[in-house]
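**Student:** Mind looking over this structure? Questions follow.
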Amino acid sequence: MKLKFYGTRGSIPICEQSFQKYGGNTTCIALCNAKNVYVFDSGTGIRNLGNEYFSNHNHSLTNVILFFSHFHWDHIQGFPFFLPAYDPSREFTIATIGRNDDYFDLKAIFENQMRKEFFPVPLEKMGAKFNFIQEETNLFKNDEVKIISSEHNHPGRAFSYRIAIEGKIIVFVTDVEHIDGIDPRVVAISKDADILIHEAQYTPEELVKHKGWGHSSWMQAIEVAKLANVKKLFITHHDPDHDDNFLDKIEVECKKHFLNVELAKDNLEVEL
Ligand SMILES: [Zn+2]
Ligand SMILES: [Zn+2]
């Protein structure tokens, strides 16, 4: 089983030379085994996942299930460029769990994103078959995985995911603002995880000036990891103004407070 970070940049893709070490694609991570691919968010990183998946593997029997933390641009922007979605022989599941607003319509989000004013190909003309699952309960289960979601604080609502698969626990928490101390919901869903992926758009100093923007500092990500007894922490959703040198320095600071922490980079692979 492999965990791969296809996009680790927050807010907007970035392509300048001094950002190439960590990369400029927005959020997309994938958990792949022989049978299935579980994708979390379709920021611009999903383009590379699609190209890899399309060219390197004959995944005709593989299930691909896409989950979404939320639907801000940086988490859906790559979807129209996900090549396998144009293959009529393929089938994809797009799922949200635990999101139960009356007005929320998962399929409409993608139909709207691909309306002709925004993109030349409408959703129904892409080719692949899409199954939309909009579960009010916060649980998704099949014969190999159990995924639960938990809401956290972010403008427009956002959700963390806890994935239990092949004896491992992987937790994905992005676009979260901890208000009045660390959010206990985030600690609970991260409890005893083998891997916690937690966003940290800001430094502790920057966070003070960005109240209400919906994000965390690296120090808060470490606090969650400590409180939840997490084995390994990956920090992601790097601010588009933080270049490689800046992020290198943040990683050094992080390691002073938590031994097993790493700043995620685009294309980083973790064998599990
Ligand atoms: Zn974001
Ligand atoms: Zn967001």
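**Student:** Which pairs do you get when a residue that is modelled with pLDDT of 95 or more, found in region 146-159, comes within reach of a residue that is among the β-branched types (V, I, T) and assigned to a loop (DSSP other than H, G, I, E, B), reach meaning Cβ atoms under 7 angstrom, with the pair 6+ apart or on two chains?
**Tutor:** H152/V176; N153/V176; N153/I179; H154/V176; A158/V176
**Student:** Taking only pairs six or more apart or across chains, which ones have beta-carbon atoms under 7 Å, a first residue in region 169-198 that is farther than 24 Å from T26 by Cα, and a second residue that is β-branched (V, I, T) and in a helix (DSSP H, G or I)?
**Tutor:** Taking only residues 6 or more apart or on different chains, the pairs are I182/V224; V187/V224.
**Student:** Could you please let me know if I14 is over 15 Å from the mean Cα position of the chain (by Cα), surrounded by 14 or more Cβ atoms within 10 Å (Cβ to Cβ), within 16 Å of ligand 1 (Cβ to nearest atom) and part of a loop (DSSP other than H, G, I, E, B)?
**Tutor:** Spelling it out, I14 is indeed over 15 Å from the mean Cα position of the chain (by Cα), surrounded by 14 or more Cβ atoms within 10 Å (Cβ to Cβ), within 16 Å of ligand 1 (Cβ to nearest atom) and part of a loop (DSSP other than H, G, I, E, B).
**Student:** Out of all the residues in region 26-56, which are in contact with a Phe, Trp or Tyr (Cβ under 9 Å, 6 or more places away or on another chain), away from ligand 2 (no atom under 16 Å from the Cβ) and in a strand (DSSP E or B)?
**Tutor:** Result: A30, L31, C32, V37, Y38, V39.
**Student:** Test F110 against the criterion of being touching a residue at least 12 places away in the same chain (Cβ under 8 Å) and either under 14 Å from S42 (Cα atoms) or of a type outside the set (S, T, Y) (or both), and give yes or no.
**Tutor:** yes
**Student:** Can you find a residue in region 130-143 that is in contact with a Phe, Trp or Tyr (Cβ under 9 Å, 6 or more places away or on another chain), among the aromatic types (F, W, Y), within 21 Å of Q220 (Cα to Cα) and surrounded by 13 or more Cβ atoms within 10 Å (Cβ to Cβ)?
**Tutor:** No, region 130-143 contains no residue that is in contact with a Phe, Trp or Tyr (Cβ under 9 Å, 6 or more places away or on another chain), among the aromatic types (F, W, Y), within 21 Å of Q220 (Cα to Cα) and surrounded by 13 or more Cβ atoms within 10 Å (Cβ to Cβ).
**Student:** A further question on this structure: Tell me, which residue of region 72-85 that is over 15 Å from G7 (Cα atoms) and touching a strand residue (DSSP E or B) at 6+ places or on another chain (Cβ under 9 Å) is farthest from ligand 2 (Cβ to nearest atom)?
**Tutor:** P84
**Student:** Now for a separate question. Does G23 satisfy being crowded, with 23+ Cβ neighbours inside 10 Å, outside any helix (DSSP H, G or I) and within 12 Å of the chain's Cα centre (by Cα)?
**Tutor:** no
**Student:** Go through region 63-104 residue by residue and tally those that are within 16 Å of ligand 1 (Cβ to nearest atom) and charged (D, E, K, R).
**Tutor:** Of the residues in that region, 1 qualify.
**Student:** Scanning region 195-232 for residues that are surrounded by 15 or more Cβ atoms within 10 Å (Cβ to Cβ) and of a type in the set (D, E, K, R), which turns out nearest to ligand 2 (Cβ to nearest atom)?
**Tutor:** Step by step, filter region 195-232, then rank; the result is E199.
**Student:** Separate question: Please enumerate the residues belonging to region 213-238 that are outside any strand (DSSP E or B), out of contact with any Cys (no Cβ under 8 Å at 6 or more places or on another chain) and more than 15 Å from ligand 1 (Cβ to nearest atom).
**Tutor:** M219, Q220, E223, V224, A225, K226, L227, A228, N229, V230, K231
**Student:** Moving on to the next point. Under the condition of being among the polar types (S, T, N, Q) and modelled with pLDDT of 95 or more, which residue from region 99-128 is surrounded by the most Cβ atoms within 10 Å (Cβ to Cβ)?
**Tutor:** Applying the filter and picking the extreme gives Q113.
**Student:** Which ones in region 123-165 are closer than 20 Å to V187 by Cβ, away from ligand 2 (no atom under 16 Å from the Cβ) and not polar (S, T, N, Q)?
**Tutor:** Of everything in region 123-165, those that are closer than 20 Å to V187 by Cβ, away from ligand 2 (no atom under 16 Å from the Cβ) and not polar (S, T, N, Q) turn out to be L139, K146, I147, I148, R162, I163, A164.
**Student:** Sticking with this structure for a sec: Can you tell me how many residues within region 137-184 are assigned to a loop (DSSP other than H, G, I, E, B) and either over 20 Å from V37 (Cβ atoms) or of a type in the set (F, W, Y) (or both)?
**Tutor:** 16
**Student:** Looking at (1) outside any strand (DSSP E or B); (2) surrounded by fewer than 13 Cβ atoms within 10 Å (Cβ to Cβ), find the lone condition where A85 falls short.
**Tutor:** It is condition (2) that A85 fails.
**Student:** I'd like the residue in region 144-174 that is away from ligand 1 (no atom under 16 Å from the Cβ) and among the small types (G, A, S) and, out of all such residues, is surrounded by the fewest Cβ atoms within 10 Å (Cβ to Cβ).
**Tutor:** G167
The values are calculated or read from the model by the stated rules, or taken from the named source; none is laboratory data. These figures come from a predicted structure and were not determined experimentally. Don't worry about glycine lacking a Cβ; one is built from the backbone with ideal geometry, like all the others, and counts go over all protein chains shown.
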